[in-house]
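The values are calculated or read from the model by the stated rules, or taken from the named source; none is laboratory data. Just so it is clear, the structure is predicted and the values come from calculations on it, not from any experiment. As a convention, Cβ positions derive from the backbone with ideal geometry for all residues, glycine included, and neighbour counts pool all protein chains shown. These accessible areas exclude ligands, DNA and RNA; they are computed on the full protein's heavy atoms, side chains included. Shrake-Rupley method; radii C 1.70, N 1.55, O 1.52, S 1.80 Å.
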Amino acid sequence: MATTLPYVTIDGIDRAFEPVEDTSGSPGRLRDKYGRAITDLRVSVTDRCNYKCVYCRTGNEGAQYTELPIADYLRMVRIFVSLGIEKVRLTGGEPLLRSGLVEMVSELSKMRTAWLPDGTPGDHGLPLDLALTTNGHLLAELAQPLKDAGLNRVTVSMDAVDAETFTSITRVPRSFDRVLAGIRKAQAVGLGPVKVNCVLLRGFNDGQIEQFADFSRNENVIVRFIEFMPLEEDRTWKPETVVPMEEIITRLNAYRPLVTLPPNAASETARRFTFADGRGEIGIIAPVSHPFCGHCSRVRLTSDGKIRTCLFSQSDHDLLGEMLRGGTDAELAAYVRKVVMRKEERHHIGEPGFEKPSRSMVHIGG
């Protein structure tokens, strides 16, 4: 297990961040004090979920935080977009449980970025990149309405490719067939390429690696393996439960030789691979063994209107409170800048003194 984390990789060499001057009053694009441009916003629209996945929930606790009116989320997103956000991902809980979601996507699809790709500010930017992460249980019914509303693509959390193992993970009988139907429907209506995220737990579903490779090739989806992080409700995470990236690569190379693919962007979280014959794509997201904090471009908005600058933050920042106290758009934008300037340099998984975050994953928003 790694005990020190790379900050920024330049020409193959890990270098420490160079803090930049606090520009919280600047009209420029949203950046943190380490110079990282913040372009991705993840918005949780509900704390509820219809699954009780063993690595996420205890099975006893339900929703703990409130949902806001859709109009409140939209106002907050507009503030972020005015500061440079280009990609919005809707999450939960399970976002497809949220009433008004299709209408929210429709409104988001009307927003335009405040900067052009060349960095020029303008009033007529590009449409937002709109994505959604779901467990897929309700996706078959909602894929077409979401596509029609302006959603670009979906990511489906799916931690096994056989019904028995899948049910043991989700603790919801007959769930596998519904998720598979949702993936296929999303592909059919143009919400692709669909990404399928699998969180690997040693001794539980790590025997599924080769089967997922087959699934990627046969279903024409991007499979992404994610190292298990200490974000579960019952706080039982142990380093030995993690299946690290090197082990996944070794297993896949034994299945079929891998070919490395270039990243789509510097801030991309997954290391990308295909197979020698070009069929299938595999991503490996390795925040434990190979952290990617140096290029982090993300902030999160929880279902109850709190900003979280890192998955592993120890505190929330109450954007809703600022709004309810009558803050103008300019005042809210200044608050966001101030919060982002305090974004953490990195997480500290595997290091002495590491503290788990103040909320579990389901209550933060993936």
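Give the cross-link partners of K185 among the lysines, using a straight C-alpha distance below 22 Å as the criterion and excluding same-chain residues fewer than 8 apart.
Answer for K185, where 22 Å is the Cα cut-off: K147, K195, listed by chain and number.
Accessible area per residue of segment 178-327 at 1.4 Å probe, in Å²?
Numbers: 5780 Å² over 150 residues.
For segment 178-327, the solvent-accessible area averages 39 Å² per residue.
Enumerate the aspartates and glutamates that K238 could reach by cross-link, defined here as Cα to Cα under 14 Å, with residues fewer than 8 away along the same chain left out.
E227, E351, E355
Can you give me the % of accessible surface on segment 60-208 that is carbon or sulfur? Probe 1.4 Å, all protein chains present, nothing else counted. List each step's numbers first, then the result.
Working: 3180 of 6090 Å².
Carbon and sulfur together cover 52 percent of it.
Percent of accessible area on segment 262-308 owned by carbon and sulfur, 1.4 Å probe? Present the calculation step by step, with values, prior to reporting the outcome.
On the way: 810 of 1510 Å².
Exposed carbon and sulfur together represent 54 percent of the surface.
Could you give the length gained by full extension between Q314 and H290, i.e. 0.36 nm per residue of separation minus their alpha carbon distance, to one decimal place? Spell out each step's value before the answer.
Working: separation 24, 0.36 × 24 = 8.64 nm, distance 2.17 nm.
This chain segment gains 6.5 nm when fully extended.
Roughly how many Å is it from the Cα centre of segment 151-230 to that of segment 70-143, as a whole number?
Segment 151-230 and segment 70-143 have Cα centres separated by 23 Å.
With the cut-off at 1.5 for a/c, could you classify segment 154-256 from its C-alpha gyration tensor as rounded, prolate or oblate? The partial results should precede the final answer.
Details: a/c = 1.82, a/b = 1.28, b/c = 1.42.
Taking the square roots of the gyration eigenvalues as a ≥ b ≥ c, segment 154-256 is oblate.
Among the lysines, which have Cα under 23 Å from the Cα of K306 when same-chain residues fewer than 8 positions away are ignored?
List returned: K33, K87, K338, K343, K356.
Less than 11 Å Cβ to Cβ from E86, Lys/Arg counted +1 and Asp/Glu -1: what total charge do the surrounding residues give?
Working: positive: R29, K87, R112; negative: D40, D129.
Within the 11 Å Cβ shell, the charges total +1.
Quickly rank 310-319, 116-125, 80-89 as a protection proxy: mean count of other C-beta atoms within 10 Å, highest first.
Values: 310-319: 18.8, 116-125: 9.8, 80-89: 21.7.
So the peptides 310-319, 116-125, 80-89, ranked by packing, come out 80-89, 310-319, 116-125.
Taking K and R as +1 and D and E as -1, what net charge do the other residues with C-beta under 13 Å from the C-beta of G283 add up to? Present the calculation step by step, with values, prior to reporting the outcome.
Values: positive: K195, R224, R271, R272; negative: E227, E268, E281.
Every neighbour counted, the sum reads +1.
Estimate the FRET efficiency between D72 and E219 by the formula 1/(1 + (r/R0)^6), using the beta-carbon distance for r and 45 Å for R0, to the nearest 0.05. Each step should come with its number before you reach the end.
Values: r = 37 Å, r/R0 = 0.83.
That pair, D72 with E219, gives E of 0.75.
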